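First the structure, in the form of structure tokens, and then the observations on it.
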Amino acid sequence: MKRRIVYIIICTFCCLMWFGCGDRPGKFTVTGIVAGADDQMIYLENVGLTAVEPVDSAKLNGSGEFTFKVSSPRYPEFYRLRMNSQFINLSIDSVETVSFTADYKTFATSYQVEGSASCLAIKEIALAQLDANQAIHRIRKDFDAHLISDSIYSAQMLEAIENYKEIARNHIYSSPMSAEAYFALFQQIDGLLFFDPYDKIDSRAYGAIATSYNHLYPESPRARQLYNLTLQALKVIRSQRTVSLDSIETNEVDFLEVELPDIRGEKIKLSDAAKDRVTILNFTSYRMEWSPELNALLHRVDSAFRDRGVEIYQVSLDSDVHYWKNIVSNLRWTCVHDPQTAYSQAAAMYNVKQLPALFLLNRKGILVKRIDRLDNLAEEVRQLL
């Protein structure tokens, strides 16, 4: 009798394990239908911290159906469905199935999503970003055509930005631990963040999400990067803390990491290039007319201070990779290229508003100075040394 009871218990346990795990292979599923997309390619891409990486692809037939099964990320992560230059953004944080229905012509704007409240929220945020983008470009066009005055231009620009930020704040402050809050925080217009981490008001949004992510996902690269950004920004603006950051071990904070490919295609980390060295971080474009003069200045600084422990980490945002390679083949400092060009997440992380942008990091990797006047660069470096 006892053997029979034990046998039943074991069988029951095995059945429970079978039904609980048999359909959970550690993968998430993205499925859907795109009407009017016969013979078109659809791509699933991972939107990482420093780059967008291909994950899977499919060629659509007459039915427009597609299915992607991908290993689930360890932490909440962002992906996008791409058809030509149209994108649908989505977030994944577990073994789940998300379904999309769309039309090929309006793929990025009029799709339907089921199975994920987070993806629904991201759709609202993405559409708000698109509205702001279109409004800002329309305002600039009117201003360039002398149809509106300077004051009206400024007022309309601020209104367009605020319209986006109002929607974004609803997600950020109602659910700061969510993927959609993180997504809303880092949306951009022409490569610039809507929420400025160096602004006293906007820094509260960064602090709210950073605190939540650090609590829920302390080992996540996004959590660490976000916290580093928040703390660095608070130091730069020297403002009073508006959020509780007591859970942060400030002596363990690293600098804001950048990892991009060099001329050989090898990814170079800023942390490796700048280890124990005073570092000039430069975001640039070699196509601009001021580029030769800037590189000549950097060459003089490099020649004067390299032996004293100074490193230059130069990030190109050029879209023409071949042109970039031709230029940097003659430069002896660290030169990397960001394939996201004007939409560079690395540049956004440092809140680059215009090019060239130069920053000074001390030997511990702490951002200590944004260089506003290039003629002061050598003296600023000398003071850090």
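The values are calculated or read from the model by the stated rules, or taken from the named source; none is laboratory data. Just so it is clear, the model here is predicted, and its values are computed rather than measured. Here the Cβ is made from the backbone with ideal geometry for all residues, glycine too, and neighbour counts use every protein chain on show. With ligands, DNA and RNA removed, areas are computed over all heavy atoms of the protein, side chains included. Shrake-Rupley method; radii C 1.70, N 1.55, O 1.52, S 1.80 Å.
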Filter the stretch 77-128 for residues that are among the basic types (Lys, Arg) and modelled with pLDDT of 95 or more; the one that is farthest from residue 49 (Cα to Cα) is 123
A careful count of residues in the stretch 27-83 that are open to solvent by 70 Å² or more (accessible area, probe 1.4 Å), part of a strand (DSSP E or B) and basic (Lys, Arg) gives 3
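Go through the stretch 182-218 and give me each residue that's of a type outside the set (A, V, I, L, M, F, W, C) and within 19 Å of residue 132 (Cα to Cα).
We begin by selecting, within the stretch 182-218, every residue of a type outside the set (A, V, I, L, M, F, W, C); these are 182, 187-188, 190-191, 196-200, 202-204, 206-207, 211-215, 217-218.
The answer is 182, 187, 188, 190, 191, 196, 202.
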Checked pairs for the stretch 293-318, first buried (at least 21 other Cβ atoms within 10 Å of the Cβ), second among the basic types (Lys, Arg) and assigned to a helix (DSSP H, G or I), C-beta under 9 Å and 6 or more apart or across chains, list as 312/306
Checked the stretch 85-101 for anything surrounded by fewer than 16 Cβ atoms within 10 Å (Cβ to Cβ) and touching a residue at least 40 places away in the same chain (Cβ under 8 Å); matches are 94, 95, 96, 97, 101
Restricting the stretch 258-274 to residues that are over 15 Å from residue 339 (Cβ atoms) and touching a residue at least 40 places away in the same chain (Cβ under 8 Å), the one surrounded by the fewest Cβ atoms within 10 Å (Cβ to Cβ) turns out to be 271
Among the residues of the stretch 218-227, the number that are assigned to a helix (DSSP H, G or I) and out of contact with any helix residue (DSSP H, G or I) (no Cβ under 9 Å at 6 or more places or on another chain) is 1
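Hey, among 343, 323, which residue is more than 15 Å from the chain's Cα centre (by Cα), more than 21 Å from residue 378 (Cβ to Cβ), at pLDDT below 85 and surrounded by fewer than 19 Cβ atoms within 10 Å (Cβ to Cβ)? Quick ask: steps written out before the conclusion?
On the way: 343 fails: more than 15 Å from the chain's Cα centre (by Cα).
Testing whether each residue is more than 15 Å from the chain's Cα centre (by Cα), more than 21 Å from residue 378 (Cβ to Cβ), at pLDDT below 85 and surrounded by fewer than 19 Cβ atoms within 10 Å (Cβ to Cβ) leaves just 323.
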Considering residues that are among the aliphatic types (A, V, I, L, M) and either more than 20 Å from residue 69 (Cβ to Cβ) or within 22 Å of the chain's Cα centre (by Cα) (or both), the number found within the stretch 99-116 is 1
